[in-house]
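The values are calculated or read from the model by the stated rules, or taken from the named source; none is laboratory data. Keep in mind that what you see is a predicted model, and the values were worked out from it rather than measured. Every residue, glycine among them, receives a Cβ derived from its backbone with ideal geometry; neighbour counts consider all protein chains shown.
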There are 2 protein chains.
Amino acid sequence: MGDDRPHVVILGAGFAGLTAARALAQAPCRITLIDRRNYHLFQPLLYQVATAALSPADIATPIRSILKKQRNASVLMGRVQGIDRYRRRVLVDDQEIAYDQLVVATGARHSYFGHDEWEQTAPGLKKIDDATQIRRRLLLAFEQAETTQDPEMRRALLTFAVIGGGPTGVELAGAIAELARQALVHDFRSIDPSQARVLLVEAGPRLLPAFPEALSVKAVAALKRLGVDVALGQPVTECSADGISLGARQIRCRTILWAAGVMASPAARWLGCDKDRTGRAVVGPDLALKDAPEIFVIGDTASVHSDGKPVPGLAPAAKQMGTYVGRVIAARLCGWATPAPFRYRHLGSLATIGRQEAVADFGKIQLTGRTAWFLWGIVHVAFLTGVRSRLLVAIQWLWAYLSHQRGARLITSPASTVD
Amino acid sequence: MGDDRPHVVILGAGFAGLTAARALAQAPCRITLIDRRNYHLFQPLLYQVATAALSPADIATPIRSILKKQRNASVLMGRVQGIDRYRRRVLVDDQEIAYDQLVVATGARHSYFGHDEWEQTAPGLKKIDDATQIRRRLLLAFEQAETTQDPEMRRALLTFAVIGGGPTGVELAGAIAELARQALVHDFRSIDPSQARVLLVEAGPRLLPAFPEALSVKAVAALKRLGVDVALGQPVTECSADGISLGARQIRCRTILWAAGVMASPAARWLGCDKDRTGRAVVGPDLALKDAPEIFVIGDTASVHSDGKPVPGLAPAAKQMGTYVGRVIAARLCGWATPAPFRYRHLGSLATIGRQEAVADFGKIQLTGRTAWFLWGIVHVAFLTGVRSRLLVAIQWLWAYLSHQRGARLITSPASTVD
């Protein structure tokens, strides 16, 4: 279109890609931000959609709205098929898009450790559609338990297994226990939802391995108070429609949720570059490929070290990388000195467990219980995108806090063609 | 389960069925309310989900929550397959349920006047899934128009046809025009969404035929101010992926929405009883079948006359029938005198067109413009089920009013299996 400003193409509008685009607002370039979705998703609250506390639109904001006023940025909804490093082109659907600088921020998805066939019975939680599907499974299990006459089947329907003891697994298990014991408890006539069994399975020796050990212990205690069974040091050896196996031990359950492994998006394959064990592209201290300085990889797709330690796959890390890459690109375009190598600044870790229960780690300061829970709520509302989301989430949390209810208890069809 | 109270089975938890269940709260019976969904839907606001203003959960409330405290009522999620009048049993999925009194309130769906093949290209708006699918089509049309290079295709993508000039058609057409001209107007770089063309097609001589003629004229004027083209007296003769035909006139468009015909659910077929032209079961003045006084048909499934005029398919009419049938059944069970025949009391008609534009008819008093619009908003918030829905809808309307934005602009997959 006759625009001769350098073209910066950013793949992925998650925390990393979106922050990079915004960091380039004043830079002398034109930006194309490409995502297969039309919205930016606030993933830390996705488990609340899966457990019927929030609606999808409460935590998703149209990318076009966010960048509406940034006139050097345009948004393209499309699916990346590959990258041609040598001709400097990205293939999006059936379109080729030339770039001068490329930022790859395509995120991560679940890893089933070589058991991809488990995905069908044990869905993970990365996308809006995952969340509405999990919500459907959870709520349908109670509905089916109410109608079945078979006590064995009823027990299997009321047993919920969450695989993986990181923050997502802990949050899901806590939320399912609360759903059963508080929100649904008076709603059925044949079953008692508070008899539902929630099982949290972790292969490693403790929950929340990124947190200090004392907080892991507190998390187990808090989950037990909510009625969650925690199984530590027990890798899952089988997932099927009938249930899970932990070695010789078999547990019949109809709902299995996967919150265990993470694998990077195929960016390293597209780029033909070095990758780590989880498929993340290995980048240099400026977050660019060593042999292609015009290609940056950031967020969950990048394997980065800072101060000798791997940078964790967290939203604040992704945002810091986005801001950093924006500065590097702006410096290049303006002929300024290259910024110092990327350093990750850890701001703290937070995980919520249930009503008035959370753990927070800020290095010297550690918090649990109600204080950590309020802090968690305030931080998450503050970081949400846009006034509308903040208002809606805050009001729904307040309502849920007062009523002990869940507001978004809809069973919607997996396919719109059903009936 | 050893309960010898008479069993009242209610099919459908729309306005009619739910009101009937609640009207029986004090009656000496046990009630089973059966619906294929787990929620009661506030259908008058469904077009706002379709046009990205509200989320599904804002206008849908779990049926179990609504009836949680009504201990004589239980809820069954299931699909009615048929009714055996002679054995007094309902077939739900693979279960037979015996009844003493039966209330059929299974609603209505769209009629394509013998052109069922049009449904694929011209979806109607009756269910949550319809609304999210229409939202997806509307938003994707703008996304695809932004990327296409073909000006013919772009024009077809930016042309939206709404078939049917009743309240739903008028509301949809107005909301799409506002979406294009206000919410999306600054979000794209290649296209100008305000150039989108919205066409409202009505086969009859005027819009809103249930309203006084003066208000129909005002509605046309208000729609024209919003940029909607109104075509009156023009029946659609063809719908396809390429567009619509109005007799010899062909209009290329990629999005067609159907708000024209209504056909009752198959209740009359299940019951083997008389039906009217749109498939509604003909009932007597007590809303029961003439030859089976224990079977009532109410709501959009029933063909009822009151004061010599047909009762319209509106939410207030459905609720009045529900209350009436509750009273008739309670009277029978308690041995009281049978209530006087059903009389429909018309409370007024309201239809919104757009920002500060609505029409309201209360017989002697007719309102238009801002007054009617505020009244419409207040009435709809007041009639929503539950404090949570009222709060969320009111806040989102306030936010939309101030920001001119639409908050729920998500393109979600039609099937959860897509990527």
| query | When you go through (1) farther than 13 Å from residue B:163 by Cβ; (2) part of a loop (DSSP other than H, G, I, E, B) one by one for residue B:236, which number turns out not to apply? | reply | (1)
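Mind checking whether some residue in the range A:212-220 is outside any helix (DSSP H, G or I) and among the basic types (Lys, Arg)?
Taking the range A:212-220 first, the residues outside any helix (DSSP H, G or I) are A:212.
Right, trim to among the basic types (Lys, Arg) and you get none.
There is no residue in the range A:212-220 that is outside any helix (DSSP H, G or I) and among the basic types (Lys, Arg).
Which ones in the range A:147-202 are among the charged types (D, E, K, R) and more than 15 Å from residue A:50 (Cβ to Cβ)?
Of the range A:147-202, the ones among the charged types (D, E, K, R) are A:150, A:152, A:154-155, A:171, A:178, A:181, A:187, A:189, A:192, A:197, A:202.
Listed by number, the residues that qualify are A:150, A:152, A:154, A:155, A:181, A:187, A:189, A:192, A:197, A:202.
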| Criterion: hydrophobic (A, V, I, L, M, F, W, C), at the interface with chain A (Cβ under 9 Å from one of its Cβ atoms) and either closer than 30 Å to residue B:142 by Cα or in a strand (DSSP E or B) (or both) - qualifying residue of B:398, B:367, B:392, B:402 | B:392
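Which is in contact with a Pro (Cβ under 9 Å, 6 or more places away or on another chain) and not hydroxyl-bearing (Ser, Thr, Tyr), of B:128, B:176, B:163, B:97?
On the way: B:176 fails: in contact with a Pro (Cβ under 9 Å, 6 or more places away or on another chain); B:163 fails: in contact with a Pro (Cβ under 9 Å, 6 or more places away or on another chain); B:97 fails: in contact with a Pro (Cβ under 9 Å, 6 or more places away or on another chain).
Step by step, each of B:128, B:176, B:163, B:97 is checked, and only B:128 is in contact with a Pro (Cβ under 9 Å, 6 or more places away or on another chain) and not hydroxyl-bearing (Ser, Thr, Tyr).
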| field | Residues (within 14 Å of chain A (Cβ to nearest Cβ) and among the aromatic types (Phe, Trp, Tyr)) located in the range B:15-52 | value | B:39, B:42
| message | Quick check on the range B:140-170: of everything there that is in a loop (DSSP other than H, G, I, E, B) and within 25 Å of residue B:260 (Cα to Cα), which residue is nearest to the other protein chains (Cβ to nearest Cβ)? | response | B:158
| said: Considering only the range A:298-306, I want to know if a residue exists there that is buried (at least 18 other Cβ atoms within 10 Å of the Cβ), within 28 Å of residue A:373 (Cα to Cα) and touching a residue at least 60 places away in the same chain (Cβ under 8 Å). | reply: yes
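Every residue in the range A:247-265 that is touching a residue at least 40 places away in the same chain (Cβ under 8 Å) and surrounded by fewer than 16 Cβ atoms within 10 Å (Cβ to Cβ), please.
A:252
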| message | Just to verify a result, which residue in the range A:75-115, among those that are within 14 Å of chain B (Cβ to nearest Cβ) and of a type in the set (Asp, Glu), is farthest from residue A:58 (Cα to Cα)? | response | A:96
| query | Under the condition of being touching a strand residue (DSSP E or B) at 6+ places or on another chain (Cβ under 7 Å) and part of a loop (DSSP other than H, G, I, E, B), which residue from the range A:329-347 is farthest from residue A:375 (Cα to Cα)? | reply | A:342
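In this structure, is residue A:196 within 27 Å of residue A:347 (Cβ to Cβ) and either in contact with a helix residue (DSSP H, G or I) (Cβ under 9 Å, 6 or more places away or on another chain) or not assigned by TED's automatic domain parsing to the domain that holds residue A:123 (or both)?
When the stated conditions are applied, residue A:196 does not pass them.
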| Members of the range B:62-91 found to be buried (at least 21 other Cβ atoms within 10 Å of the Cβ) and either more than 17 Å from residue B:105 (Cβ to Cβ) or of a type in the set (D, E, K, R) (or both), listed by number | B:62, B:64, B:65
| message | Please pick out the residue among A:308, A:407 that is within 23 Å of residue A:39 (Cβ to Cβ), at pLDDT below 95 and not hydrophobic (A, V, I, L, M, F, W, C). | response | A:407
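Collect the residues in the range B:64-74 that are under 19 Å from residue B:41 (Cβ atoms) and either without any contact (Cβ under 8 Å) to a residue 12 or more places away in the chain or within 9 Å of chain A (Cβ to nearest Cβ) (or both), keeping them in residue-number order.
Within the range B:64-74, the first condition is being under 19 Å from residue B:41 (Cβ atoms), and the residues that meet it are B:64-68, B:73.
Answer for the range B:64-74, where residues must be under 19 Å from residue B:41 (Cβ atoms) and either without any contact (Cβ under 8 Å) to a residue 12 or more places away in the chain or within 9 Å of chain A (Cβ to nearest Cβ) (or both): B:64, B:65, B:67, B:68, B:73.
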| The one condition in (1) out of contact with any Gly (no Cβ under 6 Å at 6 or more places or on another chain); (2) in the same structural domain as residue A:48 (by TED's automatic domain parsing); (3) surrounded by fewer than 17 Cβ atoms within 10 Å (Cβ to Cβ) that residue A:290 fails to fulfil | (1)
| request: Check off (1) within 14 Å of another protein chain (Cβ to nearest Cβ); (2) within 20 Å of residue A:359 (Cβ to Cβ); (3) of a type in the set (A, V, I, L, M) for residue A:176 and give me the number that stays unchecked. | output: (1)
| task | Please work out if residue B:150 is touching a Pro at 6+ places or on another chain (Cβ under 9 Å) and not assigned by TED's automatic domain parsing to the domain that holds residue B:271. | result | no
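Out of all the residues in the range B:378-389, which are more than 21 Å from residue B:177 (Cβ to Cβ) and away from chain A (no Cβ under 11 Å)?
Applying the first criterion (more than 21 Å from residue B:177 (Cβ to Cβ)) to the range B:378-389 yields B:378-379, B:381-389.
B:378, B:379, B:381, B:382, B:383, B:384, B:385, listed by residue number.
Suppose we filter B:313, B:322, B:354 for residues that are within 20 Å of the chain's Cα centre (by Cα) and modelled with pLDDT of 95 or more; which single one remains?
Sole residue among the options that is within 20 Å of the chain's Cα centre (by Cα) and modelled with pLDDT of 95 or more: B:322.
Of all residues in the range B:325-351 being among the small types (Gly, Ala, Ser) and under 30 Å from residue B:367 (Cα atoms), which is nearest to the chain's Cα centre (by Cα)?
Filtering the range B:325-351 for residues among the small types (Gly, Ala, Ser) gives B:326, B:330-331, B:335, B:337, B:340, B:348-349, B:351.
Right, trim to under 30 Å from residue B:367 (Cα atoms) and you get B:348-349, B:351.
On the way: B:348: 17, B:349: 15, B:351: 13 Å.
The selected residue is B:351.
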| field | Pair list, Cβ under 8 Å, 6 or more apart: the range B:133-158 residue over 18 Å from residue A:93 (Cβ atoms), other residue surrounded by fewer than 23 Cβ atoms within 10 Å (Cβ to Cβ) and of a type in the set (Asp, Glu) | value | B:156/B:242
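Taking the criterion of being in contact (Cβ under 8 Å) with a residue 12 or more places away in the chain and under 20 Å from residue A:58 (Cα atoms), would at least one residue in the range B:372-384 satisfy it? Walk me through it before giving the result.
So the first thing to find is which residues in the range B:372-384 are in contact (Cβ under 8 Å) with a residue 12 or more places away in the chain, and the list is B:372-373, B:375-377, B:379-381, B:383-384.
Add one more test, that the residue is under 20 Å from residue A:58 (Cα atoms), and what stays is B:381, B:384.
Yes, that holds for at least one residue.
Consider residue B:124 carefully, then state whether it is within 16 Å of the chain's Cα centre (by Cα), buried (at least 20 other Cβ atoms within 10 Å of the Cβ), closer than 30 Å to residue B:13 by Cβ and within 13 Å of chain A (Cβ to nearest Cβ). Explain how you work it out, then say what you get.
Numbers: within 16 Å of the chain's Cα centre (by Cα): yes; buried (at least 20 other Cβ atoms within 10 Å of the Cβ): yes; closer than 30 Å to residue B:13 by Cβ: yes; within 13 Å of chain A (Cβ to nearest Cβ): yes.
Yes.
Just to be sure, is residue B:137 part of a helix (DSSP H, G or I), surrounded by fewer than 21 Cβ atoms within 10 Å (Cβ to Cβ) and in contact with a helix residue (DSSP H, G or I) (Cβ under 7 Å, 6 or more places away or on another chain)? Lay out the reasoning, then the answer.
Numbers: part of a helix (DSSP H, G or I): yes; surrounded by fewer than 21 Cβ atoms within 10 Å (Cβ to Cβ): yes; in contact with a helix residue (DSSP H, G or I) (Cβ under 7 Å, 6 or more places away or on another chain): no.
Here the answer is no, as residue B:137 does not meet what is asked.
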| If you check residue B:413 against the conditions, is it at pLDDT below 90 and of a type outside the set (A, V, I, L, M)? | yes
| Selection from the range B:159-202 of residues that are of a type in the set (Gly, Ala, Ser), more than 26 Å from residue B:314 (Cα to Cα) and in contact with an Asp or Glu (Cβ under 7 Å, 6 or more places away or on another chain) | B:190
| task | Output the qualifying pairs, or none if there are none: Cβ atoms under 8 angstrom, residues six or more apart or on different chains, first residue in the range A:309-328 and over 14 Å from residue A:285 (Cβ atoms), second residue aromatic (Phe, Trp, Tyr) and surrounded by fewer than 19 Cβ atoms within 10 Å (Cβ to Cβ). | result | A:315/A:383
